[in-house]
Structures are given as structure tokens and as C-alpha cells.
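Report on the following structure.
Throughout, read-outs are computed from the coordinates displayed, never taken from laboratory work. The structure displayed is predicted, hence computed values, not measured ones. Cβ sites come from the backbone with ideal geometry, for glycine too, and all protein chains shown count toward neighbours.
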């Protein structure tokens, strides 16, 4: 299949993100199909990323399957995060999923929210 015939993923995951998604799914108390990524209206810049367990795909969600993990993209969030890279970073004081989003026009000072 040529590149022009393949559909570009709305979000790609790094190896660290894939490993973390697998670990979260394995330790979930109930069966889950994957993780759901969304955007909420909050923070000083307007939007914040939301990552949560997904028991099943919801209507109109975009489904990404990469290296054995599934991520469901909330349809409202898609226009804000299309083309993003989802990573998982562990630091001394904080760890979590981070997004490299080409649509962002700015972030708040604390880095918790963004605007497009």
C-alpha cells in the first residue's frame, strides 16, 4: 500500500506512551478496551487534555491502534489534537502523558492548559 493510500493517524504514540498504556490496562480493576483522549474547557489558557480508561469505543470516536494498544479520540477533541504526538514522561516531581501538539498557539505558565 502506498503512502498516499494510507490514512494518517490523528495522534501517534511514542514507545514510552505505548508501554504506559499497556501497564495501565493491565492493572485496571475492570476490563478496558484502551484509553480515551479528550479535551476539556478549563485552565487559564482554555483547554486541558483528558486521558481516561475506555471500556468501549463510543459513537463517532476515532480509534487508533498502535503496537497492540487502542486509544479512542473523543470527536469534540479531534480538531484540537489532530497531528499530535502523545508521550509519557517520568520526572522527579511529576509524571504523566504529555502532548506535542502542532495546533497549540500557546500554553499557560504552569503548562496545565493550552489554546489553539
Expected unfolding gain across residue 53-residue 26 under the 0.36 nm per residue rule, minus the alpha-carbon gap, is 8.6 nm
Burial-style ranking of 83-92, 14-23, average other-beta-carbon count within 10 Å with highest first, yields 14-23, 83-92
From the Cα centre of region 5-35 to that of region 51-94, the distance in Å is 7
Stretched fully, the stretch from residue 60 through residue 93 gains (0.36 nm per residue minus C-alpha distance, one decimal, in nm) 8.2 nm
Under Stokes-Einstein, region 8-103 at 10 °C and 1.306 mPa s, with its Kirkwood radius over C-alpha pairs, diffuses with a coefficient in µm²/s of 116
